[in-house]
Amino acid sequence: MSCVRRWVAALPLTLVLFSMACARTADSRLPTAPGVQASAASNGVAWGPETPNFNLEVILRGDGFGLVKFRQPNDNALIIDLDTKVRDLEPNTAYVLQRVADRNLDGICGTTGWLTLGKGLIPQTINTDDRGAGEENLFRDVSAFAVGTTFDIAFRVVNVATSAVVLTSDCYRYTISQ
């Protein structure tokens with residue numbers, strides 16, 4: 001009988017732990033290491049497959065820190081969402097996110113041809129608050145390229161006023177999905 005009492009006594013704790021594990025959103029389980037991809041978002045949108053690299057967690061390092069959640073939903077629109085967050089940068093300052101891409105697929109991203117990203121074709125600044133943190137939801141249309149096209153791609157954050165590069169990423173590999 002004491003064994004049954006212990007099991008019944010432990011049941012509420014077990015249920016609490018189980019409900020906490022189930023309550024996590026998909027985003028809380030996503031890895032944040034460079035080059036590791038996620039397959040779903042908490043809002044229920046289906047994202048591209050994990051391999052090859054359809055979705056990226058781009059880490060930006062330098063004078064502060066940044067993260068770009070590089071996501072392409074599984075749809076016909078061929079739009080990449082670039083949810084960008086920066087921190088520990090100069091307060092109350094405008095920055096832009098830029099990318100360089102090449103199709104050499106040698107793991108070495110080019111150093112020329114940087115493109116300022118934004119809301120489609122319209123460049124968009126990322127403005128930091130009084131603590132040096134900022135975020136912006138950017139996107140890019142890649143419908144000019146065929147599904148399956150693969151790029152090496154790198155990112156950087158640039159101070160708009162000084163043109164100084166303050167954050168940079170490693171070189172990542174990306175393949176356009178549908």
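Derivation of every value follows stated rules applied to the coordinates shown; laboratory data play no part. Owing to the predicted nature of the structure, the values given are computational and were not obtained by experimental measurement. Cβ placement follows ideal geometry from the backbone for every residue including glycine, while neighbour counts extend to all protein chains displayed.
For Leu121, the shell of other residues with beta-carbons less than 12 Å away shows a net charge of +1, using +1 for Lys and Arg and -1 for Asp and Glu. A Förster radius of 25 Å combined with the Cβ-Cβ distance from Arg87 to Lys119 puts the calculated FRET efficiency at roughly 0.70.
Computed from label points 7 Å out along Cα-Cβ, the spacing between Ala164 and Thr112 is 2.7 nm. Taking 0.36 nm per residue of separation and subtracting the current Cα-Cα distance, fully stretching the chain between Ala146 and Arg131 would add 1.2 nm.
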